[in-house]
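Read the structure below first, then the notes.
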Amino acid sequence: MEAYSTVRHSGPLRDRLAAAVGLALALLLLRLPFRITVRAVRLARHLGRRPLDPHRAETLVAAVRHTGRLWPVRAACMETSLGTVLASAFFGRRLNWCLGVRFAPPPTEYHAWAQLPEGEPVGEYTTAGWHHYIALVI
């Protein structure tokens, strides 16, 4: 659903630029071995010392999703969540990158999402009955 969102993003230019660069880096990193991707995310998290506030995080997720609509390649949950984590690092802020599953009324699916350090998923449909279960936090 993320890649085909109809939401238009008209946020600040700096968010849109960070989203484009973050998504481009995410697409590149996901083509490399996963251990290299994990190291890059850990490095990005060290650059972002302070957590991102929830409203700004939602804006950044929307910017990355909107940017993903413009790319000619797949930009689903894995790419957009990683792009959001990398984009937040450009501002010296920190988000967690979570891999796991999300349960709801059928179907149950593998999923990746960005999460605030306090433990709240960002840009996810948690109010619609979706429950996120983490397998790996980076």
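Every read-out reported here was derived from the displayed coordinates using simple, explicitly stated rules and does not represent laboratory data. Note that the coordinates shown come from a computational prediction; the quantities given were computed from them, not determined experimentally. Methodologically, a virtual Cβ is constructed for each residue, glycine included, from the backbone with ideal geometry; neighbour enumeration extends over all protein chains shown.
For the chain, I need the span (max minus min coordinate) of the C-alpha atoms along each principal axis, in Å, sorted largest to smallest.
37, 32, 30
Using only the C-alpha atoms of segment 76-126, find the volume of their convex hull and express it per residue in Å³. Walk me through the numbers on the way to the answer.
On the way: hull volume 3.5 nm³, N = 51.
Dividing the Cα hull volume of segment 76-126 by its residue count gives 68 Å³.
Tell me, Glu79, Glu118 in order of fewest to most beta-carbon neighbours within 10 Å? Don't jump to the answer; show the numbers that get you there.
Values: Glu79 24, Glu118 8.
The fewest-first ordering by Cβ neighbours comes to Glu118, Glu79.
Net charge around Val85, counting only other residues with Cβ within less than 12 Å of its Cβ (Lys, Arg = +1; Asp, Glu = -1)? Mind showing how you got there, number by number?
Details: positive: Arg42, Arg45, Arg93, Arg94; negative: Glu79.
Counting the neighbours of Val85, the net charge comes to +3.
I'd like to know which of Cys98, Phe34, Gln115 lies farthest towards the positive end of the charge dipole of the chain, counting +1 on Cβ of Lys and Arg and -1 on Cβ of Asp and Glu.
Farthest towards the positive pole: Phe34.
What translational diffusion coefficient, to the nearest whole µm²/s, does segment 29-107 have by Stokes-Einstein, given a Kirkwood radius computed over alpha-carbon pairs, a temperature of 10 °C and 1.306 mPa s viscosity?
Numbers: Rh = 13.4 Å.
Reported coefficient: 118 µm²/s.
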